[in-house]
Ligand code: 5AD
Ligand code: SF4
């Protein structure tokens with residue numbers, strides 16, 4: 001216990017310190033969670049920002065070994081929400097009070113998709129008079145496309161690194177031109193260079209992943225200086241190669257969720273003023289995890305406003321759940337959050353961390369570009 005207390009007193013943690021924090025027992029975790037809670041309150045306040053999530057297409061050119069909508073999965077129905085319906089969904093989210101939207105899709109680099117996103121962004125910017133924070137999560141894209149989307153009104157972009165360990169990256173992705181680790185890191189820097197509020201994140205409880213990998217993931221996010229983070233437990237999807245790989249032993253889902261909570265807390269301690277999401281995967285393991293995640297450092301929740309007829313096809317892993325408006329547990333969530341002195345807010349909720357004038361970290365960029 002004293003070890004944890006003395007680590008937490010430091011201003012800068014070593015890799016070993018972070019590994020030790022990630023191995024905390026229950027009693028030690030309580031101290032870490034409380035520290036993360038206090039830091040969040042001090043730097044970001046007690047608001048939980050809501051983002052309306054629209055899963056706009058499940059067509060993906062990639063074949064990540066863990067994901068249910070990978071290109072190679074022939075068992076799912078592919079969809080792309082037509083532009084008119086997409087505009088309706090955006091309008092619906094806005095009139096329901098959301099001032100923050102997330103448009104998420106598989107990775108599609110076609111001209112037609114590029115145009116559609118641009119049109120949706122232009123529509124949203126006009127509708128909301130630019131009062132709404134729009135986040136894209138549409139995979140790796142080239143600089144021209146990202147700049148076009150930025151100019152059309154997207155301010156935020158999420159691109160998870162999935163794991164910062166290159167070797168592990170190629171255990172969960174094919175090693176080919178569509179799944180290039182350096183291209184992924186370069187894309188993160190591209191986003192920062194353009195001026196996006198940049199989000200990343202990882203999966204927790206992957207096969208072969210160690211606590212040292214996780215500690216390095218946290219350091220990676222600190223080094224590239226992200227503004228937002230989404231981390232969730234890895235959850236098997238039965239129609240994927242990773243889930244069907246024999247002889248791998250994984251932590252239980254509960255252990256993966258608990259490790260995710262600890263990762264959120266440690267990230268909050270080392271990156272005090274970023275936005276951290278309480279993710280869908282965490283929620284899918286146990287709905288109580290959302291409030292727990294907020295307690296230990298998260299400050300964003302993403303209710304799913306994807307039209308019902310599409311939702312079931314955005315099936316990334318088994319038993320995927322969502323906070324949503326209709327069946328809604330939002331009322332219950334509001335009450336549960338009150339107990340830990342948090343309130344839901346439908347505002348734009350920029351990460352305090354993000355400052356437009358922040359000098360862009362060229363050193364880190366060059367270091368990673370060279371790999
Ligand atoms: N378990 C947990 N998260 C997953 N994702 C994809 N497949 C899975 C899975 N099986 C996450 C990835 C991706 C995000 C859209 O969903 O981190 O970046
Ligand atoms: Fe496509 Fe993302 Fe799934 Fe990979 S994780 S297959 S990029 S949707």
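Here, each number is a calculation from the coordinates, and none is a lab measurement. As the structure is a prediction and not an experimental result, all values here were calculated from the model. FYI the Cβ positions are ideal-geometry reconstructions off the backbone, even for glycines, and counts take in every protein chain you see.
For the range 205-278, just say rounded, prolate or oblate: build the C-alpha gyration tensor, square-root its eigenvalues into a ≥ b ≥ c, call rounded for a/c under 1.5, and beyond that prolate if a/b exceeds b/c, oblate if not.
In terms of gyration-tensor shape, prolate.
Please check: in the Gaussian network model of the chain (C-alpha springs, under 10 Å), which one of 135, 145, 260 has the largest mean-square fluctuation.
145
How big is the C-alpha Rg of the chain next to the rule-of-thumb value 2.2 N^0.38 Å, as a ratio?
With N residues counted in the chain, Rg over 2.2 N^0.38 Å equals 0.93.
Picking from 213, 25, 345, which is most flexible by a Gaussian network model of the chain using Cα springs under 10 Å?
The residue with the greatest mean-square fluctuation here is 25.
Could I have the simple spin-label model distance between residue 219 and residue 143, label points 7 Å from Cα toward Cβ, reported in nm to one decimal?
That separation, rounded to one decimal, is 3.0 nm.
Can you tell me how much longer the chain between residue 92 and residue 311 gets when fully stretched, taken as 0.36 nm per residue apart minus their C-alpha distance, in nm with one decimal?
77.2 nm
For the chain, what does -39500 (n - 2.57) per DSSP helix run (n ≥ 4), summed and divided by total residues, give at 222 nm, in deg cm²/dmol to the nearest 500? Intermediate results must be reported in sequence, preceding the final value.
On the way: 16 runs with 166 residues, N = 371.
When only DSSP H runs of four or more count, the value is -13500 deg cm²/dmol.
What order do you get for 229, 64, 91 when you list them from fewest to most C-beta neighbours inside 10 Å?
Going from least to most buried by this count: 91, 64, 229.
For residue 249 and residue 330, what does the FRET efficiency come to when R0 = 35 Å and r is the distance between their Cβ atoms, rounded to the nearest 0.05?
0.40
For the chain, give the share of DSSP beta bridges that are antiparallel, in percent and rounded to the nearest 5; count only bridges with both residues there. Present the calculation step by step, with values, prior to reporting the outcome.
Values: 1 of 32 bridges.
Looking only at bridges with both residues in the chain, the antiparallel portion is about 5 percent.
Which residue, 97, 205, 195, has the most motion in a Gaussian network model of the chain that connects Cα atoms within less than 10 Å?
Between 97, 205, 195, it is 97 that shows the largest mean-square fluctuation.
At a Förster distance of 56 Å, what's the computed FRET efficiency of residue 127 paired with residue 10, Cβ-Cβ distance as r, to 0.05?
The calculated FRET efficiency here is 0.75.
Among rounded, prolate and oblate, which fits the range 206-364 when a ≥ b ≥ c are the square roots of the eigenvalues of its C-alpha gyration tensor, a/c under 1.5 means rounded, and a/b larger than b/c means prolate?
It is oblate, given that a/c is not under 1.5 and a/b is not larger than b/c.
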